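In what follows, a structure is listed as structure tokens, so that the remarks can point back to it.
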Amino acid sequence: MSLILFGTLLLLMIINIPIGVALGLASFAALIFGTMPTPPLVVAQRMFTAVDSFPFMAIPFFMLAGGLMESGGISRRLINFAKACVGSIPGGLGIITVIASAFFGAISGSNPATVAAIGGIMIPAMVKAGYPKPFAAAVAAAGGTLGVIIPPSIPMVTYGVIANVSIGTLFMAGFLPGIIIALSLISVIYYFAIKMNLPKCDPTNIRTFVSAFKEAILALVMPVIILGGIYGGVFTPTEAAAVAVVYSFIVSIFVYKELKIGGLGPVIVKAGLSTSVVLFVIATSSSFSWLVTSAQIPTKVTQAMMSISDSKFLIILMINIMLLFLGTFLETQAIILLVAPILLPLAMQLGIDPIVLGLIMIINTSVGMITPPMAVNLFVACGVADISIEQISRRIIPFLIVELVIVFIMSNFPEIIMFIPSLLGK
């Protein structure tokens with residue numbers, strides 16, 4: 001079944017079938033021609049179950065909020081304020097994209113939702129400013145990896161329950177890695193902004209800054225309301241997405257008055273189309289992931305890895321490679337549920353703190369979501385930018401290399417991950 005599953009997928013991708021369709025057809029082929037005694041109807045059931053999830057409601061809400069912000073003048077004011085902040089720093093809009101992704105990552109706790117929310121606003125802005133479209137999409141996709149690393153993070157909660165470790169400590173441990181990754185991505189953007197001679201924002205001064213701040217104050221209040229509501233326990237991240245839509249609607253229609261009621265139709269249709277593309281990929285990837293799990297492929301890979309060597313360095317390297325590989329096919333939650341119980345005893349034998357193992361798993365699988373050819377973040381960004389996976393794959397490589405280097409460093413120097421928890425005596 002494994003051969004049919006991956007062989008069919010590879011063949012369909014070679015003949016340029018869209019990834020969402022390819023995943024679904026590969027799943028059907030594996031059930032029809034494989035040895036698993038399961039009716040093909042299961043694929044449809046898995047697809048429905050995957051998207052029939054309350055947290056995924058954040059995706060259409062953030063898509064719509066992004067559309068309202070773009071059409072209602074909110075995003076333009078935010079961009080003007082961002083330009084006033086970064087001034088003539090090369091790659092200013094790209095830098096703001098990463099910072100915003102880190103900020104919204106703490107709201108959505110989801111990589112695809114972060115790419116959808118920030119990419120929907122910033123990719124058009126970067127393209128309009130003169131950034132190459134594939135590079136702008138790669139920036140948004142790479143920034144989206146911060147979605148499950150910056151706490152609060154749903155995968156951290158899942159791992160905390162399975163590993164029986166403090167979820168609060170996991171949250172604290174995630175801050176520094178998230179900040180380091182964000183700064184590293186900003187460095188890549190700065191380097192390529194100089195190399196590619198990307199357009200700079202206009203130089204700023206106090207008068208320009210104050211004027212831009214006054215114009216953007218209502219737009220800047222929205223993240224404060226959302227974050228304050230989440231951390232204050234007023235609403236969940238998914239509910240926060242709905243609040244973002246309501247707030248964007250009120251400000252765009254009744255305050256800035258740049259969006260009329262009659263103009264809502266195209267905004268809603270565009271958000272619906274973008275959401276359908278994202279959810280279709282999520283749905284078909286869910287059925288594919290279920291078959292991969294049913295074939296016990298991750299378990300077999302893990303067991304083979306543990307039988308190769310007892311060297312801590314080598315095993316950590318193999319763990320990273322395995323998690324990165326699984327992250328290109330499976331969702332973070334599924335990987336944690338499947339692999340964590342197997343890796344935890346090994347980690348204890350090697351003296352690896354369970355908190356460190358949890359962060360290594362979450363960061364690796366998050367990086368896997370920008371690793372071609374099946375990375376969800378890339379397909380969300382491609383949908384927003386209307387480009388092909390081949391175009392973005394070339395541009396994502398520098399960001400991918402930097403994040404892989406960071407994962408390798410943190411895996412072998414766990415003091416970085418445990419710095420804040422240790423500082424607070426956890």
For the range 192-213, how many residues meet the condition of being open to solvent by 100 Å² or more (accessible area, probe 1.4 Å) and in contact with a Pro (Cβ under 8 Å, 6 or more places away or on another chain)? 1
For the range 151-170, give me the residue count where each residue is open to solvent by less than 20 Å² (accessible area, probe 1.4 Å) and not hydrophobic (A, V, I, L, M, F, W, C). 6
If you go through the range 7-29 one residue at a time, how many are over 23 Å from S276 (Cβ atoms) and in contact with a Ser or Thr (Cβ under 7 Å, 6 or more places away or on another chain)? 1
Based on this model, can you work out whether I342 counts as surrounded by fewer than 24 Cβ atoms within 10 Å (Cβ to Cβ), modelled with pLDDT under 80 and either over 16 Å from the mean Cα position of the chain (by Cα) or part of a helix (DSSP H, G or I) (or both)? yes
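So which of K257, K270 is open to solvent by 60 Å² or more (accessible area, probe 1.4 Å) and in contact (Cβ under 8 Å) with a residue 60 or more places away in the chain?
Exactly one of K257, K270 is open to solvent by 60 Å² or more (accessible area, probe 1.4 Å) and in contact (Cβ under 8 Å) with a residue 60 or more places away in the chain, namely K270.
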Is at least one residue of the range 391-410 in contact (Cβ under 8 Å) with a residue 24 or more places away in the chain, closer than 17 Å to V161 by Cα, open to solvent by 20 Å² or more (accessible area, probe 1.4 Å) and hydrophobic (A, V, I, L, M, F, W, C)? no
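For L357, state whether it is closer than 30 Å to S309 by Cβ, hydrophobic (A, V, I, L, M, F, W, C), surrounded by fewer than 17 Cβ atoms within 10 Å (Cβ to Cβ) and in contact (Cβ under 8 Å) with a residue 12 or more places away in the chain.
No.
If you scan the range 411-426, which residues turn out to be touching a residue at least 40 places away in the same chain (Cβ under 8 Å), open to solvent by 40 Å² or more (accessible area, probe 1.4 Å) and not charged (D, E, K, R)?
Looking only at the range 411-426, we keep the residues that are touching a residue at least 40 places away in the same chain (Cβ under 8 Å), and these are 411-412, 414, 416-421, 424, 426.
If we keep only those that are open to solvent by 40 Å² or more (accessible area, probe 1.4 Å) as well, we get 412, 414, 416, 419-420, 424, 426.
If the condition is that a residue be touching a residue at least 40 places away in the same chain (Cβ under 8 Å), open to solvent by 40 Å² or more (accessible area, probe 1.4 Å) and not charged (D, E, K, R), then N412, P414, I416, F419, I420, L424 are the ones that fit.
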Selected residue [touching a Gly at 6+ places or on another chain (Cβ under 7 Å) and at pLDDT 90 or above] from L324, L404, L359, L400: L359
Which ones in the range 11-44 are exposed (fewer than 13 other Cβ atoms within 10 Å of the Cβ) and under 26 Å from the mean Cα position of the chain (by Cα)? I14, N16
Selected residue (only one of P112, P152, P132 is modelled with pLDDT of 85 or more and not aromatic (F, W, Y)): P132
Could you tell me whether I319 is buried (at least 19 other Cβ atoms within 10 Å of the Cβ), under 18 Å from the mean Cα position of the chain (by Cα) and at pLDDT 75 or above? no
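The values are calculated or read from the model by the stated rules, or taken from the named source; none is laboratory data. Remember, predicted model here, so these are calculated numbers, not experimental data. Every residue, glycine among them, receives a Cβ derived from its backbone with ideal geometry; neighbour counts consider all protein chains shown. These accessible areas exclude ligands, DNA and RNA; they are computed on the full protein's heavy atoms, side chains included. Shrake-Rupley method; radii C 1.70, N 1.55, O 1.52, S 1.80 Å.
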